[in-house]
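The values are calculated or read from the model by the stated rules, or taken from the named source; none is laboratory data. All values derive from a computational prediction rather than experimental measurement. Quick reminder, even Gly has a Cβ in these numbers, built from the backbone with ideal geometry, and neighbours come from all protein chains shown. The accessibility values were calculated without ligands, DNA or RNA, using every heavy atom of the protein model including side chains. Shrake-Rupley method; radii C 1.70, N 1.55, O 1.52, S 1.80 Å.
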Amino acid sequence: METQSRGHLRGGGSTPPERIASCLLLTLITVCCVHALEMSTGKIPFLEAVNGSTVLLPCTYASCIGITNLYFKWEFNDNGTMQKVADSVIPTDHVEPNKVNIYRERVEYVGSSKENNISILLWNITFEDAGVYNCFGKNPKEKGKNHTAFFTLTVVEELKVIDNTLTIIIASCVGGFIAFLMAFMLIKNFTLFVLAKIDEKNKECLVTSSGIDNTENGLSGSKSTPKKA
């Protein structure tokens, strides 16, 4: 009875391979749903540009299950009021939008659906263009999931010249110290090598001198020994 009970417990506690596969598939689907659509404005989502220059506002999208009629738009946060800059709909993966609507002057769409890119250019920027820009996307294929990425543009009269004097001094000191340390180690190793060679020669001279003394002592001893009659 005890053996049967243990066998029953073991059989009941095991998990069929089909159930494990189903759990793994469900987990992957859940992860994809949570992190399905993602908008990105790059690793450095801010830029400082000179008044009158042309700047790129980067934005890309990614989806692990693909897109269908992806709606995207650029907006400018004007002191809390969102102003639409551009928008359009991308039918499916790697297909360009039929028309990109532009709502502000000096704006050009330069994106490419083949690269999941929906970036825009701002021509001849002014101080009024400075602020936060929102890159928004919504994918109906993912039950309307949406995501927004932000990009901050700062407009200045001229770029600040960074004084690198201190950095150069520190780098020079560090480089000089490393060079001195390397030279010291080379001189030390060379000196130890020379001393070792001198010590070897001294030992050889001592051995040779001892051999000669022993030979001379042996010869003189043989001469002083009297012959027996």
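Quick check on Glu108: is it in a strand (DSSP E or B) and either open to solvent by 60 Å² or more (accessible area, probe 1.4 Å) or farther than 22 Å from Thr81 by Cα (or both)? Write out each step before concluding.
Numbers: in a strand (DSSP E or B): yes; either open to solvent by 60 Å² or more (accessible area, probe 1.4 Å) or farther than 22 Å from Thr81 by Cα (or both): yes.
When the stated conditions are applied, Glu108 passes them.
Among the residues of the range 54-87, which ones are open to solvent by less than 40 Å² (accessible area, probe 1.4 Å), among the small types (Gly, Ala, Ser) and over 26 Å from the mean Cα position of the chain (by Cα)?
Within the range 54-87, Gly66, Ala86 qualify.
Which condition number in (1) in contact (Cβ under 8 Å) with a residue 40 or more places away in the chain; (2) within 29 Å of the chain's Cα centre (by Cα) is the one that Lys160 fails?
The single condition Lys160 does not satisfy is (1).
Of the conditions (1) over 26 Å from Ile44 (Cβ atoms); (2) open to solvent by 70 Å² or more (accessible area, probe 1.4 Å); (3) part of a helix (DSSP H, G or I), Ala179 clears all except one; give me its number.
(2)
Can you name every residue in the range 150-176 that is open to solvent by less than 100 Å² (accessible area, probe 1.4 Å) and part of a helix (DSSP H, G or I)?
Keep residues of the range 150-176 that are open to solvent by less than 100 Å² (accessible area, probe 1.4 Å), which gives 151-156, 159, 164-165, 167, 169-176.
The answer is Thr165, Thr167, Ile169, Ile170, Ala171, Ser172, Cys173, Val174, Gly175, Gly176.
Residue check: is Glu142 closer than 29 Å to Ile67 by Cβ, touching a residue at least 12 places away in the same chain (Cβ under 8 Å) and open to solvent by 20 Å² or more (accessible area, probe 1.4 Å)? Outline the logic, then answer.
Details: closer than 29 Å to Ile67 by Cβ: yes; touching a residue at least 12 places away in the same chain (Cβ under 8 Å): yes; open to solvent by 20 Å² or more (accessible area, probe 1.4 Å): no.
Answer is no for this residue.
Please tell me if Lys73 is charged (D, E, K, R), outside any strand (DSSP E or B) and at pLDDT 95 or above.
On the way: charged (D, E, K, R): yes; outside any strand (DSSP E or B): no; at pLDDT 95 or above: yes.
So Lys73 does not fit the description; no.
Could we say that Ser113 is open to solvent by less than 60 Å² (accessible area, probe 1.4 Å), closer than 20 Å to Leu70 by Cβ and touching a His at 6+ places or on another chain (Cβ under 7 Å) here? Spell out how you get there, then give the answer.
Details: open to solvent by less than 60 Å² (accessible area, probe 1.4 Å): yes; closer than 20 Å to Leu70 by Cβ: yes; touching a His at 6+ places or on another chain (Cβ under 7 Å): yes.
Answer is yes for this residue.
Pick out the one residue from Asp213, Asp129 that is surrounded by 10 or more Cβ atoms within 10 Å (Cβ to Cβ) and modelled with pLDDT under 80. Step through it out loud before you land on a result.
Values: Asp129 fails: modelled with pLDDT under 80.
Result of the check over Asp213, Asp129: Asp213.
A quick yes/no check of all residues on (1) without any contact (Cβ under 8 Å) to a residue 24 or more places away in the chain; (2) over 22 Å from Lys43 (Cα atoms); (3) out of contact with any strand residue (DSSP E or B) (no Cβ under 9 Å at 6 or more places or on another chain):
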site: Thr92; (1), (2), (3): no, yes, no
site: Val95; (1), (2), (3): yes, yes, yes
site: Arg106; (1), (2), (3): yes, yes, no
site: Tyr109; (1), (2), (3): yes, no, no
site: Ser119; (1), (2), (3): no, no, no
site: Leu122; (1), (2), (3): no, no, no
site: Gly131; (1), (2), (3): no, no, no
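State whether one or more residues within the range 30-38 are open to solvent by less than 60 Å² (accessible area, probe 1.4 Å) and modelled with pLDDT of 70 or more.
Within the range 30-38, the subset open to solvent by less than 60 Å² (accessible area, probe 1.4 Å) is 32, 36-37.
So of that shortlist, the ones also modelled with pLDDT of 70 or more come out as 36-37.
Yes.
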